[in-house]
Amino acid sequence: MEQSTREKELAKKKRYYYKHREELLEKKRVYNRENKEKVSAQRAEKITCSCGSIVRKAHIRRHEKSSKHQGLKTKKSKEDNKKTRRIRQVKELIGVFTAQGDTEKLNHYQVELETLLN
Ligand SMILES: [Zn+2]
């Protein structure tokens with residue numbers, strides 16, 4: 001089968017890696033030893049994922065594949081959809097009560113809209 005340019009590049013990198021494996025690993029060991037503090041600070045760095053979880057930066061890809069992340073993302077998007085629908089409804093109601101001149105109901109829904117948008 002015909003290899004794409006990307007696949008060829010990857011294969012080339014792989015061959016290079018295996019050819020120079022020992023040398024590369026030694027370089028890495030030396031670097032890590034000489035930059036101990038920097039390396040451990042980088043490894044400890046935490047970020048907030050889009051799902052709301054706090055994750056080590058180095059593990060973000062692994063976390064994104066986890067069921068915890070998948071579950072939270074689904075829950076979050078369901079909540080977001082619900083909120084978006086309610087915002088639309090409230091805006092429609094505001095339009096209706098503006099037309100009717102019902103200030104009491106208008107005020108009520110304007111307060112709700114502000115709460116939803118914050
Ligand atoms: Zn996540």
> Ordered by residue, what ³J(HN,Hα) values in Hz, to whole numbers, does the range 95-104 give under the Karplus form 6.51 cos²θ - 1.76 cosθ + 1.60, where θ = phi - 60° and Gly and Pro are x?
Replying inline: x, 4, 6, 5, 4, 7, x, 8, 5, 4
> Out of residues 5 or more away from Lys46 or on other chains, whose amide H comes under 5 Å of its own, with H placed 1.01 Å from N in the peptide plane?
Replying inline: Lys57
>> Taking R0 as 22 Å, what FRET efficiency do you get between Arg43 and Tyr16 from their Cβ-Cβ distance, rounded to the nearest 0.05?
In response: 0.25
>> Using helices alone, I'd like the mean residue ellipticity at 222 nm for the chain: each DSSP H run of four-plus residues gives -39500 (n - 2.57), total over residue count, nearest 500.
In response: -26000 deg cm²/dmol
> Using the alpha carbon gyration tensor of the chain, what are the three equivalent-ellipsoid semi-axes (square root of 5 times each eigenvalue), largest first, in whole Å?
Replying inline: 55, 21, 11
>> At 7 Å along Cα-to-Cβ for each site, give me the label-to-label distance between Ile87 and Gln70 in nm.
In response: 2.9
>> For a quick check, take a GNM of the chain with Cα springs below 10 Å and name the residue from Thr103, Thr48, Thr74 with the largest mean-square fluctuation.
In response: Thr103
> Among Thr74, His59, Gln3, whose Cα lies farthest out toward the positive end of the dipole of the chain, if unit charges sit on the beta carbon of Lys, Arg (+1) and Asp, Glu (-1)?
Replying inline: Gln3
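Readers should treat all values here as calculations from the given coordinates under stated rules, not as data from a laboratory. All of these numbers come straight from a predicted model, not from anything done at the bench. Note that each Cβ is placed from the backbone with ideal geometry, even for glycine, and that neighbours are counted across all protein chains shown.
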